[in-house]
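What follows draws every value from the coordinates through simple rules; no lab data is involved. All values reported here derive from a predicted model rather than from experimental measurement. Here the Cβ positions follow ideal geometry from the backbone for every residue, glycine too, while neighbour counts run over all protein chains shown.
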Amino acid sequence: MRPQFASATTRVVNATSRRLGRGQGTVAGGRAGLRLDPRLLEHLSAGRQVALVTGTNGKTTTTRLLTVGLGATGDAVVSNETGSNMPPGHVAALAGTKARRAVLETDEVYLPRVLTATAASTVLLLNLSRDQLDRTNEVRMIAGSWRAALAAAPRTHVVANADDPLVVWGAGVARDAHWVGAGLRWQHDAVGCPSCEGRITFTEDGWSCASCGFARPEPEATLVVADDGAARAEWTNGRRVPLRLSLPGRFNQSNALMAAVAAEASGVDALAALAAMEGVQEVAGRFTVRSFGEVRARLMLAKNPAGWGELLDLVADSDAPLVVSINARVADGADPSWLWDVPYERLAGRAVVATGDRYRDLSVRLHYAGVRHTTEPEPVVAVTRAAAGSTDVVDVIGNYTAFYDLLGAP
Amino acid sequence: MKSPLRIAVVYPDLLGTYGDGGNGVVLARRAEWRGLEVALLQAVSDRPLPEADVYCLGGGEDGPQVRAARTLIDDGTLARRVADGAVVLAVCAGFQIVGRAFPGAAGDTHEGVGLLDIETVKPAGPRAVGEVLVEVDPALVGPLPPLTGFENHGGATSLGEGTAALGHVAAGVGNGEGDGSEGAVQGSVVGTYLHGPVLARNPALADRLLSWALGDVTLDPLDDEVAESLRQERLATVGGKRRRGRR
């Protein structure tokens, strides 16, 4: 009786919270349900095939891609698509549906307990890098917690990025590991060997530790990107397929391949799943082009140095005006020192406007990077000002809450 | 005056977790803006440490921190250069490892480089995380405006007789010994727990270190309006919550 009552409470509180206009109604109901039944996530997961998606960057997008990919069969698939990636969000997503398949974006620190509660059949491990160090753990501790959790879940299929030593360490003892050559642009958090504290050396072909022999596992599928940006997926069993995503960027090609391998581990043909993913045009607002009055702007999210590294590739060659918005609220991490790990020097010559709660920290960083810029505390005003004299769509990159502020601005 | 001024960021592959590599960038740009020739060196841990005039060490994770200390001791260059008067700015994990002893991940004790007469242990309880405001001791580094920064550490650092505190916290935890001390200074070696990076937020401290490295020269002032605006914002933010305890 208790799980049913707790589940119904979750739905009612969520519906009420949505009606009152208090956000997207995913956390309050989940919390209420978990208070009534602390094992509600376990109960709601029973009888479902659950896939968990975690990692520092790309969680929300990959969750969406995998949801769409699994849906290629026509099955109903439920997902926590609002990005509430801790148990209250998971409970809220599952409470309202009988869908047999579920894809849950999961905060990297919460993976062990969510894995235990859901008995997930598939876990997808994307990457690990520094993010919000004031409130989460350093990346080696997170990788170690994954490793222990997966050792205790021998029936779980693990799909993991073979190019990230920390992810490989985290996945390492899984009995059914599917390695994917998904690439890793940001390698600065992985130089110290997670196995022996020796030194990891990266080469064209992979990586290895000179001290203990910990090395890149042979992937079953690899992302291959040609010089012109055209990408294809190659499996060791001979399958080859071009990736024609609507979403931009190498990192999204990598996310899609990881999702395709995870779909296959969940019993759905990888190529059918990839074909379905091609139609995804934006995910939770990322890469949305929206208007602010007369001005059109493309909204992008980069919340840490690894994410910025990928987006700089995407915007560095453009002449479009660029707005960068930085906050340091709880969800962003309170210390914006990470701005100094981003090679903003690459923006020299661009017209940049710095905005957000912490525009002064960003301005100091740009000053030392030799990037001429103006400052404007109000993000929407900053976008409008950046557009002055240009008919281009303004590129806007914000960190977490800065991005959502602009996405939701009237 | 030395030319070029050599500034080394020490082991960014091991001590590069908290953005402190920015301290090297700040020093290099501020010297260049004054017309000096500068070599900014990223000194990775699998090569011998290069000869430099200023060494910047940053924060890192527990495991890599132990490796960095071991490698610096075996290499020997840092201690030798300091004996010759080179300037060192050591932050957080970097601060701990230039002391005599510091804790590993399990709380076990490791030998440090011994440039500062300090010892760090890992007390029970939560990490010190948050904004810090430090009143600097003018006897050691000369008069400086208050330092602003962000601390994020789990150590308690005690000062021996051979070293003195960089200053005292007006907000934040600092060295975590309960006496309000923050950082340490011994000769040309300055240690602190402050990220930000600390020299980006405190250009006066950057110029003091540069001046030391150049032989106590007087430096022309720079236009620091951008950094001053950030400083005022940060000082106003911490002004309301002075002498916070550990969170």
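Decide, for the stretch B:5-239, between rounded, prolate and oblate: order the square roots of the alpha carbon gyration tensor eigenvalues as a ≥ b ≥ c, take rounded if a/c falls under 1.5, and otherwise choose prolate if a/b is larger than b/c, else oblate.
Working: a/c = 1.57, a/b = 1.09, b/c = 1.44.
Taking the square roots of the gyration eigenvalues as a ≥ b ≥ c, the stretch B:5-239 is oblate.
So how do A:Asp392, A:Asp189, A:Asp131 line up by other beta-carbon neighbours within 10 Å, fewest first? Walk me through the intermediate numbers first.
Working: A:Asp392 14, A:Asp189 28, A:Asp131 22.
Ascending Cβ contact count within 10 Å gives the list A:Asp392, A:Asp131, A:Asp189.
By per-residue mean of other Cβ atoms within 10 Å, what is the highest-first order of A:306-312, B:155-161? Kindly include the intermediate steps, with their values, before the conclusion.
On the way: A:306-312: 21.7, B:155-161: 17.6.
With the highest mean Cβ count within 10 Å placed first, the list reads A:306-312, B:155-161.
Net charge around A:Val394, counting only other residues with Cβ within less than 10 Å of its Cβ (Lys, Arg = +1; Asp, Glu = -1)?
On the way: positive: A:Arg296, A:Arg298, A:Arg385; negative: A:Asp392, A:Asp395.
Computed value for this residue: +1.
For the stretch B:19-93 and the stretch A:340-396, what is the separation of their Cα centres, given in Å?
Between the Cα centre of the stretch B:19-93 and that of the stretch A:340-396, the gap is 30 Å.
Short version: ³J(HN,Hα) in whole Hz for each residue of the stretch B:150-166, in order, from phi by Karplus 6.51 cos²θ - 1.76 cosθ + 1.60 (θ = phi - 60°), x for Gly and Pro, what are they?
10, 9, 7, 8, x, x, 10, 10, 9, 9, x, 5, x, 9, 10, 5, 5
Per the Kirkwood treatment, what hydrodynamic radius in Å, one decimal, follows for the stretch A:2-277 from the mean inverse distance over all distinct Cα pairs? Can you show the working numbers first?
Numbers: mean 1/r = 0.0525 Å⁻¹.
In the stretch A:2-277 this quantity evaluates to 19.0 Å.
Specify whether the C-alpha gyration tensor of the stretch A:61-139 places it in the rounded, prolate or oblate class, a ≥ b ≥ c being the square roots of the eigenvalues: rounded for a/c under 1.5, otherwise prolate if a/b is larger than b/c and oblate if not.
Numbers: a/c = 2.13, a/b = 1.70, b/c = 1.25.
Prolate is the answer for the stretch A:61-139, as a/c is 1.5 or above and a/b outweighs b/c.
What percent does the relative contact order of the stretch A:176-225 come to when contacts are Cα pairs within less than 8 Å and at least six residues apart? Intermediate values should be presented prior to the final figure.
Details: 58 pairs, mean separation 19.9, N = 50.
Normalised by residue count, the contact order of the stretch A:176-225 is 40 percent.
Please list, ordered by chain and number, the residues whose modelled amide H lies under 5 Å from the amide H of A:Gly192; skip anything fewer than 5 residues away on the same chain.
A:Ile200
Take the alpha carbon gyration tensor of the stretch B:56-166, find the square roots of its eigenvalues, order them as a ≥ b ≥ c, and report rounded if a/c is under 1.5; if not, report prolate when a/b exceeds b/c, else oblate. It would help to have the intermediate numbers written out before the result.
On the way: a/c = 1.75, a/b = 1.08, b/c = 1.62.
Oblate.
Would you calculate, for chain A, the mean residue ellipticity at 222 nm contributed by helices, counting each DSSP H stretch of 4 or more residues as -39,500 (n - 2.57) and dividing by all residues, to the nearest 500? Display every interim value, and only then the final one.
Working: 14 runs with 146 residues, N = 410.
After summing the helix terms and dividing by residue count, I get -10500 deg cm²/dmol.
Note down the net charge around A:Val159, summing +1 for each Lys or Arg and -1 for each Asp or Glu among other residues with Cβ under 11 Å from its Cβ. Numbers along the way, then the final one.
Details: positive: none; negative: A:Asp176, A:Glu220, A:Glu264.
Here the charged neighbours net out to -3.
Taking the stretch A:101-134, which trypsin sites (Lys or Arg not before Pro) meet the DSSP loop condition and have no more than 15 other C-beta atoms within 10 Å? Write out the running numbers ahead of the final one.
On the way: sites: A:Arg101, A:Arg113, A:Arg130; in loops: A:Arg130.
Of the trypsin sites (Lys or Arg not before Pro), not one in the loops of the stretch A:101-134 has a Cβ with at most 15 other Cβ atoms within 10 Å.
Isolated Cys in the protein assembly as shown by the 4.7 Å beta carbon test?
Lacking a cysteine Cβ partner under 4.7 Å: B:Cys56, B:Cys92.
Give me the Å³ per residue figure for the convex hull around the C-alpha atoms of the protein assembly as shown.
Details: hull volume 105.7 nm³, N = 657.
Hull volume over Cα atoms, normalised by residue count, gives 161 Å³.
Diagonalise the Cα gyration tensor of the stretch A:289-408 and give the resulting equivalent ellipsoid semi-axes, square root of 5 times each eigenvalue, largest first, whole Å.
Result for the stretch A:289-408: semi-axes of 19, 16, 13 Å.
Along each of the three principal axes of the Cα atoms of the stretch B:112-197, give the extent in whole Å, ordering the values from largest to smallest.
Principal axes ranked by extent give 34, 28, 23 Å for the Cα atoms.
Using the Kirkwood formula on the Cα atoms of the stretch A:26-80, what hydrodynamic radius do you get, in angstrom to one decimal? Don't jump to the answer; show the numbers that get you there.
On the way: mean 1/r = 0.0767 Å⁻¹.
It is 13.0 Å.
Please list, by residue number, every one of the chymotrypsin sites (Phe, Trp or Tyr not before Pro) in the stretch B:1-68 that is coil in DSSP and has at most 15 other beta-carbon atoms within 10 Å.
Working: sites: B:Tyr18, B:Trp33, B:Tyr55; in loops: B:Tyr18, B:Trp33.
Answer in residue order: B:Trp33.
When only C-alpha pairs under 8 Å and at least 6 residues apart count, what is the relative contact order of the stretch B:73-216, in percent? Don't skip to the answer; put the middle values down first.
Numbers: 315 pairs, mean separation 35.3, N = 144.
Relative contact order, the stretch B:73-216: 25 percent.
Give me the percent relative contact order of chain A, please, defined on Cα pairs under 8 angstrom at least 6 residues apart.
On the way: 883 pairs, mean separation 52.9, N = 410.
Relative CO of chain A lands at 13 percent.
Going by Cα centres, the stretch A:162-220 and the stretch A:269-339 are how many Å apart?
Taking the Cα centre of the stretch A:269-339 as reference, the centre of the stretch A:162-220 is 27 Å away.
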